[in-house]
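The values are calculated or read from the model by the stated rules, or taken from the named source; none is laboratory data. As the structure is a prediction and not an experimental result, all values here were calculated from the model. Glycine gets a Cβ as well: all are built from the backbone with ideal geometry, and neighbour counts include every protein chain shown.
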Amino acid sequence: MKDTPGWASPGSAPSDGHEPGASGTDGPADRPDAANPAEQPGPAPQNPGSKWSKEQPPADQWSAPAGGPAPGQTPPPPPPGPGWGAQPPTGAGQGGYGTPGGGNGGYGGWGGAYGPPGGPSGWGGPPPAAKPGVIPLRPLGVGEILDGAVSTMRTYWRTVLGISLAVAVVTEIVVILLQGLVLNDTTDAEALNDPSATLGEVSRAMGDAMLGSAVVFAITLIGTVMATALLTTVTSRAVLGRPVTTGEAWRDARPQVMKLLGLILLLMLIAVGIVLVGVLPGILVAVSGPGGPGAALAVLGGLGAGIVALWLMIRFSLASPALMLEKQGIMKSLSRSGKLVRGSWWRVFGIQFLAAVIANIVAAIVVIPFTFLAAAFSGDGFTGFMEGTGGLGWTFLIISGIGSVIGSMITFPITAGVTVLLYIDQRIRREALDLELARAAGVQGYGTTPAPGS
């Protein structure tokens, strides 16, 4: 298969199974009466019927010219055919090479019009792609990828929402306990808003805030990895139209979970390292000299490094499904992702960016009302929450945590599903994965009919 968005050449074969342009005894070009008169070997014999050997098709498919040519004369050349996919003129003879006047003047047809099925409008188009599961087995459009992710969530909602709910609840419980028991230091938080606070108090408050954010991020990352691993298996089975239980998904994903965690941590370290390298010269200049040029250099370096990091993250964005579905190692998965994304960077970026925007908008619609509701029921009320003077009480943490769980139930399946379907789409375009998927799904005869001219 060519590495293009196209699927196949129009039409698979003409009617009655004949291949146009094929070199065989069944094609019109091999008939003695269809050749150029100048190239005829000689006058026709007295008994034309003796030359129609048993190798020719039966009379109902390809009959001899009515009446036969006169002795010593060569048959007249056929008039120009109507072309591929077109019907003979009105009143034409029985065959595709019939004369416009009808009657017996035309040559025997090839089962009617000379061309594949498809009607008078020309080519009938490629055959419809098989769709054993949530997507058709052909190169996908943006809408089909998004619809496939939503269809997976809708069709296998028990498994998908069960996995997302379980991971989100466990993750949020751990985060709430840490924030309520360990990380909720109101004194340090107030130091950040106090203009009279000393440098030591501000530094300690910033350090505690960064440490708390890092711990929460690490826990959330682990939950995301678990959900992605399980939902990757579910989505890959949904493509084949096969349901999978949570237990089956876990048994299939368990050997690769730690590798997936290592892969995500490696990608984070690469991104952070690139950004640090970009801003480091500006920081050094600001420390050793005037702060203005150093800050400007740090901003420019950070922007350039951010662009490089974004380019690499999109290039390696398909490493996660490659690792889970191909059972590859971390470095091999990065290499596979680079090969699949090569030449399609903007398309992959656009689809993933669109999916992230949609998922975050839907999550925000759910989470923001719960946050305001939690602030209203907290000790300092909504005003204290807006001014940043209130602490994170248990009421606030529990109510906002419920909103986060509901939001994660929506975002996990969308982001994981789009990534998996985008990976499958790129492999269909580059590696004809649709043939393997059709065989795995039990589609009979898929991809066995050769295209014209193949």
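Matching residues to (1) surrounded by fewer than 17 Cβ atoms within 10 Å (Cβ to Cβ); (2) modelled with pLDDT of 90 or more; (3) within 30 Å of GLY393 (Cα to Cα):
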residue	(1), (2), (3)
PRO127	yes, no, no
LEU137	no, yes, no
LEU140	no, yes, no
THR152	no, yes, no
ILE163	no, yes, yes
ALA166	yes, yes, yes
VAL175	no, no, yes
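For residues in segment 206-221 being among the hydrophobic types (A, V, I, L, M, F, W, C) and surrounded by 15 or more Cβ atoms within 10 Å (Cβ to Cβ), which is modelled with the lowest pLDDT? Walk me through it before giving the result.
Taking segment 206-221 as the starting set, the residues that turn out to be among the hydrophobic types (A, V, I, L, M, F, W, C) are 206, 209-211, 214-219, 221.
Remaining after also requiring surrounded by 15 or more Cβ atoms within 10 Å (Cβ to Cβ): 209, 215-216, 219, 221.
Working: ALA209: 73, VAL215: 80, VAL216: 81, ILE219: 85, LEU221: 83.
Selected residue: ALA209.
If you check ILE414 against the conditions, is it within 20 Å of PRO243 (Cα to Cα), surrounded by 14 or more Cβ atoms within 10 Å (Cβ to Cβ), at pLDDT 85 or above and of a type in the set (Val, Ile, Thr)?
Yes; evaluated as a whole, the condition is true for this residue.
Given the conditions (1) loosely packed, with under 15 Cβ neighbours inside 10 Å; (2) aliphatic (A, V, I, L, M); (3) more than 28 Å from the chain's Cα centre (by Cα), report the number of the one that LEU310 does not fulfil.
So the condition that LEU310 fails would be (3).
Step by step: first the residues of segment 286-298, then only those that are surrounded by 14 or more Cβ atoms within 10 Å (Cβ to Cβ) and small (Gly, Ala, Ser), then the one that is nearest to ALA416 (Cα to Cα). Which residue is that? Give the derivation first.
Looking only at segment 286-298, we keep the residues that are surrounded by 14 or more Cβ atoms within 10 Å (Cβ to Cβ), and these are 286, 294-295, 297-298.
Remaining after also requiring small (Gly, Ala, Ser): 286, 294-295, 298.
Values: ALA286: 42, GLY294: 41, ALA295: 38, ALA298: 35 Å.
The selected residue is ALA298.
Please enumerate the residues belonging to segment 137-163 that are of a type in the set (Lys, Arg) and part of a helix (DSSP H, G or I).
Matches in segment 137-163: ARG154, ARG158.
Whether any residue in segment 313-323 is over 20 Å from VAL418 (Cβ atoms), touching a residue at least 40 places away in the same chain (Cβ under 8 Å) and touching a Lys or Arg at 6+ places or on another chain (Cβ under 9 Å) is what I want to check. Spell out the reasoning first.
If we filter segment 313-323 for residues that are over 20 Å from VAL418 (Cβ atoms), which is where we start, we get none.
Checking segment 313-323: not a single residue is over 20 Å from VAL418 (Cβ atoms), touching a residue at least 40 places away in the same chain (Cβ under 8 Å) and touching a Lys or Arg at 6+ places or on another chain (Cβ under 9 Å).
Do any residues in segment 330-342 that are more than 12 Å from TYR423 (Cα to Cα) have Cβ atoms under 7 Å from those of residues that are among the basic types (Lys, Arg), where the two are at least six apart or on different chains, and which pairs are they?
ILE330/LYS259
In a helix (DSSP H, G or I) and farther than 21 Å from LYS332 by Cα, is that true of ARG237? Spell out how you get there, then give the answer.
On the way: in a helix (DSSP H, G or I): yes; farther than 21 Å from LYS332 by Cα: yes.
Criteria met by ARG237.
Does GLY301 qualify as being in contact with a helix residue (DSSP H, G or I) (Cβ under 6 Å, 6 or more places away or on another chain), small (Gly, Ala, Ser) and crowded, with 19+ Cβ neighbours inside 10 Å? Break it down into steps so the answer makes sense when it comes.
Values: in contact with a helix residue (DSSP H, G or I) (Cβ under 6 Å, 6 or more places away or on another chain): yes; small (Gly, Ala, Ser): yes; crowded, with 19+ Cβ neighbours inside 10 Å: yes.
When the stated conditions are applied, GLY301 passes them.
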